[in-house]
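Read through the structure below, which is laid out as structure tokens, and then see the notes.
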Amino acid sequence: MVNNYDVKSILLAGVGGQGTLRASDIMCIVMMEAGLDVKKSEVHGMAQRGGCVTSHVRYGSKVYSPLAKLGGIDLLVAFEKMEALRYMNYLTKDATIILNADEIYPPSVNFGDIPYPDDIIPLLRINYKQVKEIDATDLAKKSGNVKAANVVLLGAISNLMNIPSSIWEEVIKKSFPEKLVKINLAAFQKGRDA
Amino acid sequence: MSGNEAIARGLYEAGVRFAAAYPGTPSTEIMEEYSKYEGVYAEWSPNEKVALEVAIGAALAGEKAVAVMKHVGVNVAADPLFTVSYTGTNGALVIITADDPSLHSSQNEQDNRNYAKFSKIPMLEPADAEEAKEFIKLAFEISEKFDTPVFLRTTTRVSHSKSVVSPADPLPYKDKTAITYNAAKYVMVPANARIRRVEVEKRMQLLKSFAENFSENKMEINNPDIGIITAGMPYNYAKDVFPDYSYLKLGMVYPLPEKLIRDFAARVKNIYVVEELDPFLEEQIKAMGIKVTGKEIFPYTNEFDPGIIQNAINKLNKPANLPTKNVPPRPPNLCPGCPHRGLFYTLKKLKVFVTGDIGCYTLSFLKPLEGLHSTICMGASIGMAHGMSKALKEKGKGKIVGVIGDSTFIHSGITPLLNMAYNKSNAVIIICDNSTTAMTGMQEHPATGYTLLGEETIKLDLKVLVAALGIKNIRVVDPYDLKTTRTVIKEELTKDGPSVVISQRPCVLFKRAKTKPQKPLQVDPEKCTGCKVCLGLGCPPISWKKMEKKEGSKREGVSFIDENLCNGCGLCLQLCKFGAIK
């Protein structure tokens, strides 16, 4: 179950409205600018309405499939805490996990039918060595806009990639309207420092 | 670029300036992107049949025209489809069908490659965005060369995946339009159609020879022990896990290049046919007498991924023990403040059977609303409500309601409603008019007052149309007003003859409607008794939190409203008997 050649796979998982797809778009442009081949895949449509949102990003010198296989993801970034558990079966055994401390309750939890899992981090730690929790929502607030949590997470991701931070910053500058650039650059830096 | 953006770019580069479509996931963005290019004509037609007929007309006038639809849209357009195959196209005509393996956003998983064979129309299938852009150009070349409509098939994974695309300069547009008369070719009465029928078979023979040398039917001979015959996205999945096997990648999935396939079969020992959904290639290749392995090991249902192909060929049942954990599901839900919520809450309380339709409101079948009890296809709600009501006779009186959205009603609800008036129905039809095509992302339609290109136009008055169809009982309600909505629907259920209730309020996400969010509501924890009535709305911001029972109190918890999500629509406030929400 090894990945052939040099292709790496990232799975971004969140909830509709968190900017998960925006983050994956930015990440793909960064990889293109860094001279890599990149493909990404996501599902639109019904997923936008409060449901799960996932995006597979695969990059390397030559990428065929935009979808990773089960057991084939090298980095999982959960924009919502519980979502990290939902996709564990996609991870390689050496995978890195970054998760946002933010919890968003689905209807079954709201009604009191099913409890929100309270052992997320320990469960992940049993199976994986590299687990990092970041309070991206709080860091985004401190940067000036709670919605920049996705860019905070991009900052954390950028630490794991061998791509100069200047490329990331340039792409972030081009991805937002001028008045939001400063906030997002601050959010990116907070993610890198976290 | 996404596959859909690349198709739009390809259309523009190919000098195509005419497109008609009805929105449907995963095809919608093709038109949204295409309509942004300068100098194009692009329209949202009321449904796919009209869109195809519009494109046929444009092609007859000499244009290069495209009709775009999702897989089930081709069912709607099937009537003109089968006969335009006989007439040919004069200009050029390409039909894009966007299929949805795994039913990410569809009511079925049909494999539209079958339409190519059934209607005798050639079909191309790209594997990624770059190919999508190039294949659309080739599709037009084939259409012009062979005077035939051509299919381009994508799947959700091609349409919605993004990959690197290199844009090219567009071909200059050449105006070849003119009125030409040719009754023998375009008037499909039996005498003429019999002659064209023979022409179609001749064309198929020519296309078969063309396919043998078609540039996008590509052979890659590597390891001769295993050969894979595949097309579209599954090629990428297979190549990802088996980069060293030999491949025959078919860019044209109908008709098949028989000689090329025989040549490939002679060069490799074992052949696997890797295709999602139906054994479309496999059955044809087996009929050539070539031994291949296909659906014996690969699934019939759902889209593939690299792991599925790897496990099937390596004969593994599942990948080595991957850790899993069951977590609470996160189903899609109606948005906070959605106008459908109040309507379906009311319908549940009225204990009626609701025949539903295709749109956001279909989601209201889920708990806790459970306000919708059937969904088949666009427009079916009305015909089915009428059929149920007729069959149930007295038992069904006041119990059958059909619900349909405004865009869906225009798509295919008008004739069944006319039928209800004509055949003296007793059911109640509710048109959920949110002023847009919400499910696919706010597209215009004939009742919005705007075209796809942003021009102002007529604004169909649904009330006048419904009256013109012969419906006498017509009411308009605001679904934010629960009490009136309930009273009006109740009154209409008791009446003889068909009724139409128009439940009118723009979608909360619809920008032009300028729906201003109201101040978020709050729960007063002192007044809340924890009765959970507000939870029955299934509104995302409302949750319920358990708390310690106080002595002498029956209260086990309280409701809580997330102020970041609430937009103050006020439905829960109307339901709370204790004045705890303000």
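The values are calculated or read from the model by the stated rules, or taken from the named source; none is laboratory data. Bear in mind the structure is a predicted one, so any value in this text is a computation, not a measurement. Ideal geometry is used to build each Cβ from the backbone, glycine not excepted, and the neighbour counts take in all protein chains shown.
In segment B:19-37, the residues that are outside the structural domain of B:His445 (by TED's automatic domain parsing) and under 19 Å from B:Ile410 (Cβ atoms) reach residues that are among the charged types (D, E, K, R) and assigned to a helix (DSSP H, G or I) with C-beta atoms within less than 7 angstrom, at least six apart or across chains, in these pairs: B:Tyr22/B:Glu48.
In contact (Cβ under 8 Å) with a residue 60 or more places away in the chain and in a loop (DSSP other than H, G, I, E, B): is that true of B:Gly398 in this structure?
Details: in contact (Cβ under 8 Å) with a residue 60 or more places away in the chain: yes; in a loop (DSSP other than H, G, I, E, B): yes.
Answer is yes for this residue.
Of the numbered criteria (1) surrounded by 15 or more Cβ atoms within 10 Å (Cβ to Cβ); (2) in contact with a Ser or Thr (Cβ under 9 Å, 6 or more places away or on another chain), the one B:Ser499 fails is (2).
Of the numbered criteria (1) loosely packed, with under 14 Cβ neighbours inside 10 Å; (2) more than 29 Å from B:Ser425 (Cβ to Cβ), the one B:Lys472 fails is (2).
Might you let me know whether segment B:1-15 holds any residue that is over 25 Å from B:Lys174 (Cα atoms), within 14 Å of chain A (Cβ to nearest Cβ), in a strand (DSSP E or B) and in contact with an Asp or Glu (Cβ under 9 Å, 6 or more places away or on another chain)? Yes; the residues of segment B:1-15 include at least one that is over 25 Å from B:Lys174 (Cα atoms), within 14 Å of chain A (Cβ to nearest Cβ), in a strand (DSSP E or B) and in contact with an Asp or Glu (Cβ under 9 Å, 6 or more places away or on another chain). Given (1) part of a loop (DSSP other than H, G, I, E, B); (2) buried (at least 24 other Cβ atoms within 10 Å of the Cβ), where does B:Leu452 come up short, assuming only one miss? Going through the list (1) part of a loop (DSSP other than H, G, I, E, B); (2) buried (at least 24 other Cβ atoms within 10 Å of the Cβ), B:Leu452 breaks only (2).
The residue of segment B:437-452 that is farthest from B:Glu33 (Cα to Cα), among those that are modelled with pLDDT under 95 and of a type in the set (Gly, Ala, Ser), is B:Ala438. Residues of segment B:87-131 that are touching a His at 6+ places or on another chain (Cβ under 9 Å), assigned to a loop (DSSP other than H, G, I, E, B) and buried (at least 24 other Cβ atoms within 10 Å of the Cβ): B:Asp100, B:Asn112. Applying the set (1) in a helix (DSSP H, G or I); (2) more than 13 Å from the chain's Cα centre (by Cα); (3) crowded, with 18+ Cβ neighbours inside 10 Å to A:Gly155 leaves exactly one unmet item: (2). For segment B:74-85, indicate whether the set of residues that are assigned to a loop (DSSP other than H, G, I, E, B), buried (at least 22 other Cβ atoms within 10 Å of the Cβ) and within 14 Å of another protein chain (Cβ to nearest Cβ) is non-empty. No, there is no match, as no residue in segment B:74-85 is assigned to a loop (DSSP other than H, G, I, E, B), buried (at least 22 other Cβ atoms within 10 Å of the Cβ) and within 14 Å of another protein chain (Cβ to nearest Cβ).
So which helices (runs of 4 or more DSSP H) are wholly in segment B:162-281 and hold at least 2 residues that are in contact (Cβ under 8 Å) with a residue 40 or more places away in the chain, surrounded by 16 or more Cβ atoms within 10 Å (Cβ to Cβ) and not assigned by TED's automatic domain parsing to the domain that holds B:Phe298? Full working, then the answer.
Details: elements: B:183-186, B:190-213, B:233-241, B:258-267.
So the answer is B:183-186, B:190-213.
Considering the conditions (1) surrounded by fewer than 23 Cβ atoms within 10 Å (Cβ to Cβ); (2) hydrophobic (A, V, I, L, M, F, W, C); (3) closer than 22 Å to B:Gly359 by Cα, B:Ala438 is excluded by exactly one of them, (1). Within segment A:78-125, being in contact (Cβ under 8 Å) with a residue 24 or more places away in the chain and among the basic types (Lys, Arg) holds for A:Lys81, A:Arg86, A:Lys93. Counting residues in segment B:379-394 that are hydrophobic (A, V, I, L, M, F, W, C), within 30 Å of B:Val501 (Cβ to Cβ), surrounded by 16 or more Cβ atoms within 10 Å (Cβ to Cβ) and at pLDDT below 95 gives zero. Could you check segment A:4-13 and list, in sequence order, the residues that are outside any strand (DSSP E or B) and surrounded by 21 or more Cβ atoms within 10 Å (Cβ to Cβ)? Listed by number, the list holds a single entry, A:Val7.
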